[in-house]
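Just below is one structure, and these are the notes that go with it.
Bear in mind these aren't lab numbers, they're just calculated from the coordinates by the rules spelled out. Nothing here was measured: the structure is a model prediction, and the numbers come from that model. Cβ sites come from the backbone with ideal geometry, for glycine too, and all protein chains shown count toward neighbours.
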């Protein structure tokens, strides 16, 4: 049986568990996801959306945006890129590997072996413009996964005015070092797991207290999305099999009753000639007795 305390985690590398451990006491918070990608698979924000949070999803790929809009009606989803200024940029979408899709020219060159892609122009805006346009007041966490375009994203924010409490940034495609910008703006590296780096604002550093204990508990109760799906499918299959077994039991009981009736009828049919013979014999005996009695009276 599934653990009643289990939570479904969707992120590929436990990003949602780490962020939840840092922001554990926040109810209905606000997130910004730059490079949102899928609405469910490997999503860092899906768990939070299920907990009542909402936020802004930024994703240049049209089909993924359409799915986000459908699955996240309470979110704001924008099909744009994020950079250091307002302009248009050629975006490369890899059809069978959306996670590699990028604006970055160096990343495009590194994936020369992938020939199933399309290039198209996308509007690019700085983060600060997005926050002003949508009247953003407080950001609990900012997630950045932009395949080598991190520097342009980070430099395009007004860090004095818009200060996410926590930043989760994929840091394995660093084309230009953005870390000094965060350090200069009073963000401190809290955790690096080989793929992502987590920065916490100076004024929110208290959130790191007790993190280790919380993340261990959350991870213990975490159920990966594919595990939940498998469990749900198995439960559904068990229900179907149980229903089939019940139906077969009813059918067997019906056949058993029918067989008993047939056996009774067969026995009656087999005994009927004997009964008839005995009855006729009895009538014959009685007839002769009657005739004999009549003769004796004469």
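Note the full-extension length gain between residue 6 and residue 217 as 0.36 nm times their separation in residues minus their Cα-Cα distance, in nm to one decimal. Kindly include the intermediate steps, with their values, before the conclusion.
Values: separation 211, 0.36 × 211 = 75.96 nm, distance 1.04 nm.
Gain on extension, residue 6 to residue 217, equals 74.9 nm.
For the range 109-193, calculate the relative contact order in percent as a whole number, restricting contacts to Cα pairs under 8 Å that are 6 or more residues apart. Present the calculation step by step, with values, prior to reporting the outcome.
Numbers: 63 pairs, mean separation 25.3, N = 85.
The normalised contact order for the range 109-193 reaches 30 percent.
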Task: For the range 7-224, share of DSSP beta bridges that run antiparallel, in % to the nearest 5 - done: 45 percent
TODO: State, as an integer percentage, the relative contact order of the range 7-224 based on alpha-carbon contacts under 8 Å between residues 6 or more apart.
DONE: 21 percent
TODO: Kindly rank 49-55, 15-21, 84-90 from highest to lowest mean number of other beta carbons found within 10 Å of each residue.
DONE: 15-21, 49-55, 84-90
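On a full-extension model of 0.36 nm per residue, what is the gain between residue 174 and residue 250, subtracting their alpha-carbon distance, rounded to one decimal in nm? Intermediate results must be reported in sequence, preceding the final value.
Working: separation 76, 0.36 × 76 = 27.36 nm, distance 6.62 nm.
Full-extension gain reported as 20.7 nm.
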Task: Gain upon complete extension [residue 70, residue 186; 0.36 nm per residue less C-alpha separation] - done: 38.1 nm
Open item on the list: If R₀ is 30 angstrom, what is the calculated FRET efficiency for the pair residue 84 and residue 202, using the beta carbon separation as r and rounding to 0.05?
Closed with: 0.80
Open item on the list: Going by average Cβ density within 10 Å per residue, which order do the peptides 24-37, 123-136 take, highest to lowest?
Closed with: 24-37, 123-136
